[in-house]
Amino acid sequence: MATTKKVGVLGCGMIAELGHLPAIRNNASGAVRRWMWPASLAVLVGITGFFSVNAIQQSVRQNLNSKLTTILETDVKALTIWTEEQKRSAYSLAQRPELRKAIGELIAGKKLSSDLPETNISQALTVVDQLYCEASETFGYVAFHVVELDGEILADSKRSFIHARLDDRWQPYLGKLTRGETVFIKPWRQSMAGEFAGTASDPSRPLLFVAAPVRNNEGEVIGAIAFGIPPEREFTEILSVASAGNSGETFAFDEDGWLLSDSRFDRQLQRLGLLENVPDASAVLNVRSQNKKGELTAIVAAAVEAKRQADNRVRVSLSGTTDYRGIKVVGASQWLPQYDFGVVTKLDYDEAYAPGLLLRNIVAILMSLSLIGAAANVLYARRLARVQKRALRAERKVRQLGQYTLLEKIGAGGMGEVYRAKHAMLRRPTAVKLLRPNRSSEAAIARFEQEVQLTAMLTHPNTISIYDYGRTPDGTFYYAMEYLDGLDLSRIVRLNGPQPAGRVIAILRQVCNSLSEAHEAGLVHRDIKPANVILFRRGSRADIVKVLDFGLVRDLSTTKETPQDKSLSGTPAYMSPESFFSPGDIDARSDLYAVGALGYYLLTGTEAVGFDSLERHPQGFQIVQTFLSPSQQLGQPVAQELSAVLMSCLKTNPDERPQTAAQLASQLVACDSASQWSRQQSLEWWKSLDHSNHDVQRDDAVKEPMMAETLDFFSTDLPLERV
């Protein structure tokens, strides 16, 4: 380095006199080469990064457009189901004979007050009050108005507005009620006309109403009853059925931009001074979706403009605009003319474009590192060589885990690998699964250890066997299990299509046997699906079942709950309805739901997926699923006894399903089709597979289905996010 500095000072004229020209040229050319490679790499990284960032941003924009549109349409669909349910409930109440009679007497009392005794009016009011109290407990109503068709209030829940008149905003709805329609009225602050306007008792709490016409015995509409619902409760909840990411939100708004549903950012709004800092403060009609200039935010303004143009399509804004909090967001909006309000779903810009922003930062960092490396290339190369040597030594060391020698890698995931291995003394086929500590979190390691410990408790022949487990000196956790050379059930259906009823029963019985032992030990599998059930042959026996991947298993024998117990975990098509709404409260019957879905898939070649509506329950809303019967799904007759057993497993209410795996196995055995699949038929099936063009031994999907599934579990973050 000293010679190089001297040459730089003396210049080219002195080089010849010193007689060091060859050495100087070598040093100079070496220096140039050391600088050129990192500089060239920086340019290459910049060019590649530019196009990569653009490509990823374009992909992110397309995904965002689809995601926001889907979420908005899902929330609007849920809102439609909910509003129709509210209208049906109000209509049903309005048809009650005692209510119709009472309202008829109130109307008669107004017109013929001199002829109708006062006691009759009091009794009518009492009847209306009683029905309202009954309905409020069931449907969450907080107010009611009995109105005549001209807008005069004949009775109300507070007894404060009798003979008051509704303001002009009710006129369009009164017209529909006169025509016999049941109406849903968007949230607003109710006000009264005439002498009641602006009085101390004038109601100011925002309410939405659902109103139904009331008819006399001749079928003529004589009045209406309207029930008030707080918009910050169910109305807001139903708009949150689907949401995007951690900052996603869906809300309703009126033509002036005032929020009609509550905000999930109430505390932030209070800190910003946009919402009064009092208990139970609500953003409904108290917060306006506007920017600092007082103008409507771009996403809301787009929907309002769509109303003026009678354009009901979804409008998506991906360029980024501020929301009512002053935060930059992306979103989608739609005006709903049937409700006379709009709906927006939005997501913070930084979260939405996190992949593109992350890649852009990575490219900038890589360019900086490349330039820095141009000055320190030699040192970097030496250190890299040492790191490579250490890595090779570590790789050679990890090849030997206790008594197991790792032969070949047969699967890899984000945090671990699976190897085919051999024991120093034993000859049985073995697979070794390991989790490296430098590529996983403590939570992942804890789940990994739990899977081993809970699975090792199970000894049933239809459950995967654990031979050994432990840690290497460098902290690598591993366990050895039996090596399975077979097919998972999803592969069998892809190869051979829908399976005979007798074979389905034979497979499900073995799955029930495995689960029966687990359930008796207080364990729930939580992820029964085709990829987690292996079918193989051994000697003269075929169609032997092994249940795999207890990585999501829950131990019901302990009262200590983990975040995993409360998380949404599993595969959607095989998850019971209660798994979505109360994952911490599921029991063994949730596994039996999955067994029914598994049998449905084997019998029809199609997953059992159905969605009909939302029903309100004391715990919240619950999905009510309906399915085509296997015969309808397949388009041809299917064994009725087996079909009935499978459909009973798929009941929404766990109490209507088989209560134990043993009970389900008994029901399967009792089916007439149980005797229609013999051991000889199963052997012939496997022999036909051997002689087909499909190479079982070389197909990774056949040879290592278990490895891919178990590693997929560790390469994803729990909980799952799905509606």
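The values are calculated or read from the model by the stated rules, or taken from the named source; none is laboratory data. Predicted model only: the values in this text are computed from it and were never measured. Cβ coordinates were reconstructed from backbone atoms using ideal geometry, including for glycine residues, and neighbour counts include every protein chain displayed. Each accessible area value is taken on the protein alone, full model and side chains, heavy atoms only, with ligands, DNA and RNA left out. Shrake-Rupley method; radii C 1.70, N 1.55, O 1.52, S 1.80 Å.
Worth pointing out:
- Each residue in region 638-686 was checked for being assigned to a loop (DSSP other than H, G, I, E, B), over 25 Å from Gly486 (Cβ atoms), among the hydrophobic types (A, V, I, L, M, F, W, C) and open to solvent by 30 Å² or more (accessible area, probe 1.4 Å), and 1 of them qualify.
- Matching option when the condition is aliphatic (A, V, I, L, M) and touching a His at 6+ places or on another chain (Cβ under 9 Å), among Ala298, Ala226, Ala281: Ala226
- Test: residue in region 475-485 that is surrounded by fewer than 23 Cβ atoms within 10 Å (Cβ to Cβ), over 29 Å from the mean Cα position of the chain (by Cα) and β-branched (Val, Ile, Thr): yes
- Residues of region 249-277 that are over 25 Å from the mean Cα position of the chain (by Cα) and among the charged types (D, E, K, R): Asp254, Glu255, Asp256, Arg267, Arg271, Glu276.
- For region 521-564, filtered to residues that are modelled with pLDDT of 90 or more and either assigned to a loop (DSSP other than H, G, I, E, B) or of a type in the set (Lys, Arg) (or both), the residue that is surrounded by the most Cβ atoms within 10 Å (Cβ to Cβ) is Ile528.
- Residue satisfying all of: in region 249-287; small (Gly, Ala, Ser) and farther than 25 Å from Pro337 by Cβ; modelled with the lowest pLDDT among these: Ala281
- Here no strands (runs of 3 or more DSSP E) wholly within region 418-519 include at least 1 residues being under 30 Å from Thr604 (Cα atoms).
- Considering residues of region 265-282 that are closer than 16 Å to Asp323 by Cα and in contact (Cβ under 8 Å) with a residue 40 or more places away in the chain only, the residue least open to solvent (accessible area, probe 1.4 Å): Leu269
- One residue stands out in region 304-328 among those that are touching a residue at least 40 places away in the same chain (Cβ under 8 Å) and part of a strand (DSSP E or B): the one that is most open to solvent (accessible area, probe 1.4 Å), namely Val316.
- The residues of region 158-180 that are more than 19 Å from Tyr141 (Cβ to Cβ) and either under 46 Å from the mean Cα position of the chain (by Cα) or open to solvent by less than 20 Å² (accessible area, probe 1.4 Å) (or both), listed by number, are Ala164, Asp167, Asp168, Arg169, Gln171, Pro172, Leu174, Gly175, Lys176, Thr178, Arg179, Gly180.
- Selection of first residues in region 167-181 that are over 17 Å from Tyr91 (Cβ atoms) and of second residues that are open to solvent by less than 70 Å² (accessible area, probe 1.4 Å) and not in a helix (DSSP H, G or I), restricted to Cβ pairs under 7 Å at least 6 apart or on distinct chains, gives the following pairs, ordered by first then second residue: Asp167/Ser191; Asp167/Met192; Asp167/Ala193; Arg169/Trp188; Trp170/Gly151.
- Region 571-588, residues that are in a helix (DSSP H, G or I) and either under 20 Å from Glu607 (Cβ atoms) or among the β-branched types (Val, Ile, Thr) (or both): Pro572, Ala573, Tyr574, Pro577, Glu578, Ser579, Phe580
- Selection from region 630-689 of residues that are of a type in the set (Gly, Ala, Ser), touching a Lys or Arg at 6+ places or on another chain (Cβ under 8 Å) and over 26 Å from Arg537 (Cα atoms): Ser648
- Out of Glu85, Glu73, one residue alone is closer than 28 Å to Phe341 by Cβ, modelled with pLDDT of 90 or more, open to solvent by less than 50 Å² (accessible area, probe 1.4 Å) and part of a helix (DSSP H, G or I). It is Glu85.
- Arg491 of a type in the set (Lys, Arg), surrounded by fewer than 22 Cβ atoms within 10 Å (Cβ to Cβ), in contact with a Pro (Cβ under 7 Å, 6 or more places away or on another chain) and at pLDDT 90 or above: yes
- Pairs are defined by a Cβ separation below 9 Å, a sequence spacing of at least 6 or placement on different chains, a first member in region 660-684 that is of a type in the set (D, E, K, R), and a second member that is open to solvent by 70 Å² or more (accessible area, probe 1.4 Å) and modelled with pLDDT under 90; the pairs so defined are Arg679/Ser540; Arg679/Arg541.
- Among the residues of region 204-252, those identified as of a type in the set (Phe, Trp, Tyr) and either without any contact (Cβ under 8 Å) to a residue 40 or more places away in the chain or under 22 Å from Lys176 (Cβ atoms) (or both) are Phe209, Phe227, Phe235.
- Residue, modelled with the lowest pLDDT, within region 598-626, restricted to residues that are part of a loop (DSSP other than H, G, I, E, B) and more than 21 Å from the chain's Cα centre (by Cα): Pro618
- Every condition in (1) more than 26 Å from the chain's Cα centre (by Cα); (2) farther than 26 Å from Phe144 by Cα holds for Ile299 except the one numbered (1).
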